[in-house]
1. Can you find a residue in region B:163-170 that is away from ligand 2 (no atom under 15 Å from the Cβ) and either within 14 Å of chain A (Cβ to nearest Cβ) or in contact (Cβ under 8 Å) with a residue 40 or more places away in the chain (or both)?
2. Regarding region B:255-275, can at least one residue be identified that is farther than 20 Å from B:Arg124 by Cβ, surrounded by fewer than 22 Cβ atoms within 10 Å (Cβ to Cβ) and among the β-branched types (Val, Ile, Thr)?
3. Hey, among the residues in region B:214-270 that are within 16 Å of ligand 3 (Cβ to nearest atom) and part of a strand (DSSP E or B), which one's nearest to the other protein chains (Cβ to nearest Cβ)?
4. Answer yes or no as to whether B:Gly276 is at positive phi and within 16 Å of ligand 3 (Cβ to nearest atom).
5. Any chance you could count how many residues in region B:191-204 are in contact with a helix residue (DSSP H, G or I) (Cβ under 6 Å, 6 or more places away or on another chain) and under 25 Å from B:Glu248 (Cα atoms)?
6. Consider A:Gln36 against the criteria (1) part of a loop (DSSP other than H, G, I, E, B); (2) at pLDDT 85 or above; (3) in contact with a Gly (Cβ under 6 Å, 6 or more places away or on another chain): it satisfies all of them except one. Which criterion is unmet?
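The values are calculated or read from the model by the stated rules, or taken from the named source; none is laboratory data. Since we're looking at a predicted model, the values are computed, not measured. Using ideal geometry, Cβ is built from the backbone for each residue, glycine included, and neighbour counts are taken over all protein chains shown.
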Amino acid sequence: MKTAAVTLTHSNRQNRSMRYLYVLTVFCMALTGFGQMPIYKRYYLSDIPGFGWLANFWTTRYVHYAGAALLLAIVAYMLVQHVILLRARFKMTPSGYLRGILLLGIVLTGVLFVIKNFPVLVFSPEFIIALNLSHLGFVMIFLLVNLYCLIFKKRWTKAR
Amino acid sequence: MGQDISRRAFLKGGFAAAAGVAAGSIPGAAAAVGPEEQTQLATLLDISKCIGCGACVEACTETNARKYPNPKKPFPKMVPARARVSDWSDKQDVTERLTPYNWLYIQHASVDINGEETELTIPRRCMHCVNPPCVKLCPWGAAKQLENGISRIDPEICLGGSKCNAVCPWDIPQRQTGVGLYLDILPNFAGNGVMFKCDRCYDQIEAGQLPACIEACPEDVQTIGPRADIIKQAHKLAREINGYIYGETENGGTNTVYVSPVPFEELDVAIEKGKGKPHLAAASDRMADANTLAAAMVIAPLAGIAAAARKIYNYTRKSKERA
Ligand code: HEM
Ligand code: SF4
Ligand code: SF4
Ligand code: SF4
């Protein structure tokens, strides 16, 4: 039993770098996601040296898409690892479940966006408006919940 | 009637009947063309026929004036000051470019045809792209595409952020400050009016009528029909006059297809371009750039799962070894 715990600690170190990557990706997604709205130029954000690309809708869209792929890989990795390896020892906290559900909402609406942007007409205009509002809504709540969890040191999982 | 959806057939049967005949009666047509080519209506503009009389421009205003903005003044103060008002309400008569009050205008090009200096006139308006960036990238869903390929901006929802203009390859949507939803939200801080452009007379088409500019033209410059047929017709015409096509592949394909007796590179040099004055240059399919990343999104979760599986395998092996 003791050796198993040692290996898990080792895997946690590996998970720490994965967590940094995750946080970085989410930050990048929020930055480029809000860049889908015409606000950075109006509010001078893209005037900051090095941030000029944020005013280019084509660039932010490309980075948002690439980040989405990365995020999907990280989420799949974390999820499989948790279910198979860690679930026996760690359980999801309520804030973990909440964040998971919100992230799922973000990903599902995001994937529907990606489908929408192909040259096919599958969604009605009303549905697209609903998609916009819910992707943005999930994102806003997700970011607020994360802020709360950061301040009050809530974690996704805790030892059983 | 054949592949030509003639003006009369269009008027008699309405679009649904016309498209039904065209798409349904040609064997194999369904398999040969993409879905958008059967459902989307395109227009063909024969530049060599246009005499530049401007009847189409007048007809557009006559028919669509009731959709034009009616801004309240004074405008809300813009914060920060960088956000400038776009006010065309005192310049409603301007017809030499696109404005919120002028959705169609005539471009002039002096070109050389067989050693003869010839003046060509080109009606310009929204191209109604097959996969319109203005619609797909509108962050609110104010711009919408109808099943018949028309893209239009809903004046009740548009906030006037002008993103559609920024992503439009042809600088088509034009802003008027002081109208629309933004006035009811945070008028000083977000939004700046409503964007206006050609809606290809969507309401006329719904009622089985032709768009005003097509109807009014004395030279029958424009033809309207299912996209697949219009493309075929464009190629036929181009062969006949030894001409060139614009709109078949530009920005991934548009529902406005021009046929010209001179190359479009020459026309593009000859016309006056600028704000509200669209070019005739090459336009790559910008929507396709990020769309190709969708494949990465499909592969990414699999890669994540594979990495996790490798880790789980290593972990179980190690704990077995140590046991
Ligand atoms: C934590 C992750 C994410 C954040 C913070 C985020 C944030 C945003 C924001 C703020 C917007 C603009 C708001 C709007 O148009 O409603 C946006 C748009 C968009 N997001 Fe995300 N997003 C995330 C994940 C994703 C994922 C996973 C995908 C795809 C799988 C995705 C695809 C898109 C697309 C395609 C748009 C453009 C919307 C449009 O086409 O109009 N997003 N995102
Ligand atoms: S030409 Fe511009 S405004 Fe017209 S559909 Fe294409 S992107 Fe939209
Ligand atoms: S289709 Fe209608 S809205 Fe568009 S330019 Fe012609 S008349 Fe104007
Ligand atoms: S009405 Fe016809 S001929 Fe006259 S300017 Fe318009 S397209 Fe050209």
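1. We begin by selecting, within region B:163-170, every residue away from ligand 2 (no atom under 15 Å from the Cβ); these are none.
Within region B:163-170, not a single residue is away from ligand 2 (no atom under 15 Å from the Cβ) and either within 14 Å of chain A (Cβ to nearest Cβ) or in contact (Cβ under 8 Å) with a residue 40 or more places away in the chain (or both).
2. Filtering region B:255-275 for residues farther than 20 Å from B:Arg124 by Cβ gives none.
No, every residue in region B:255-275 fails to be farther than 20 Å from B:Arg124 by Cβ, surrounded by fewer than 22 Cβ atoms within 10 Å (Cβ to Cβ) and among the β-branched types (Val, Ile, Thr).
3. Step one: filter region B:214-270 for residues within 16 Å of ligand 3 (Cβ to nearest atom), giving B:214-225, B:227, B:230, B:247, B:254-258.
Adding the requirement that they be part of a strand (DSSP E or B) leaves B:222-225, B:254, B:256-258.
Working: B:Gln222: 24, B:Thr223: 23, B:Ile224: 19, B:Gly225: 18, B:Thr254: 11, B:Thr256: 16, B:Val257: 16, B:Tyr258: 20 Å.
Residue satisfying both the conditions and the ranking: B:Thr254.
4. Numbers: at positive phi: yes; within 16 Å of ligand 3 (Cβ to nearest atom): yes.
In short, yes.
5. To start, the set of residues in region B:191-204 that are in contact with a helix residue (DSSP H, G or I) (Cβ under 6 Å, 6 or more places away or on another chain) comprises B:191, B:195, B:201.
Then keep just the ones that are under 25 Å from B:Glu248 (Cα atoms); that gives B:201.
Here the count works out to 1.
6. (3)
One line per residue, one yes/no per condition, for (1) over 30 Å from A:Gly137 (Cα atoms); (2) of a type in the set (Val, Ile, Thr):
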| residue | (1), (2) |
| --- | --- |
| B:Ser89 | yes, no |
| B:Asp93 | yes, no |
| B:Arg97 | yes, no |
| B:Asp112 | yes, no |
| B:Glu116 | yes, no |
| B:Thr121 | yes, yes |
| B:Arg124 | yes, no |
| B:Cys134 | no, no |
| B:Leu137 | no, no |
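Each row is one residue, and each column tells you yes or no for (1) more than 16 Å from ligand 3 (Cβ to nearest atom); (2) within 11 Å of chain A (Cβ to nearest Cβ); (3) surrounded by fewer than 23 Cβ atoms within 10 Å (Cβ to Cβ); (4) of a type in the set (D, E, K, R).
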| residue | (1), (2), (3), (4) |
| --- | --- |
| B:Asn114 | yes, no, yes, no |
| B:Glu117 | yes, no, yes, yes |
| B:Thr121 | no, no, yes, no |
| B:Cys129 | no, yes, no, no |
| B:Pro139 | yes, yes, yes, no |
| B:Ala142 | yes, yes, no, no |
| B:Glu147 | yes, yes, yes, yes |
| B:Glu156 | yes, no, yes, yes |
| B:Gly160 | yes, yes, no, no |
